[in-house]
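Working notes, structure below.
Every number here is computed from the coordinates shown, using simple stated rules; none is lab data. What you see is a predicted model, and the numbers here were worked out from it, not measured in a lab. Heads up, the Cβs are rebuilt from the backbone with ideal geometry, glycines too, and the neighbour counts pull from every protein chain shown.
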């Protein structure tokens with residue numbers, strides 16, 4: 001047990017020295033806390049900015065791009081003789097538009113199963129599929145597979161080229 005003089009001066013000096021050691025620990029904690037807070041604010045600003053830019057791009061593109069219903073897919077040009085016999089079919093892409101109601105449900109389901117198995121689980125962009133494709137492409141050091149959904153394939157076929165690039 002410590003013995004202190006009558007006016008408790010030793011006790012006061014002892015208390016002062018222990019409080020200064022506690023005070024010196026506080027700036028380290030507050031500095032770390034400040035850095036963590038700064039990083040949290042920085043991340044929040046980054047996310048908010050990304051969402052804002054994404055919304056602005058969506059609004060801008062939705063006013064510029066034509067409606068899907070108005071887009072006409074290229075079909076073959078059919079050349080007939082005077083008596084109605086088909087002489088030739090000229091085409092870059094040979095397709096015939098068929099109403100959806102005329103396509104058997106089994107064919108629709110088979111197409112969805114092979115092209116976009118998670119079609120009913122996402123809203124047009126499959127982030128899991130994109131991550132999987134990115135991982136496979138990085139591991140293979142080249143473009144091995146795509147992560148596009150049926151919706152993204154429609155957009156690519158209508159608005160972009162068939163070129164396989166990372167940007168696309």
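Structure summary
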quantity: Approximate spin-label separation residue 79-residue 143, in nm, with each point projected 7 Å along Cα-to-Cβ; calculated: 3.5 nm
quantity: Which of 141, 122 has the fewest Cβ neighbours within 10 Å, and the rest in rising order; calculated: 141, 122
quantity: Stretchable slack from residue 128 to residue 90, in nm (0.36 nm times residue separation minus alpha-carbon distance); calculated: 9.6 nm
quantity: Estimated inter-spin distance, residue 40 and residue 158, nm [label 7 Å along Cα→Cβ]; calculated: 4.3 nm
quantity: Size of the range 87-156 as Cα extents on the principal axes (Å, biggest first); calculated: 50, 29, 19
quantity: Efficiency of FRET from Cβ geometry, residue 68 and residue 113, R₀ 30 Å, rounded to 0.05; calculated: 0.85
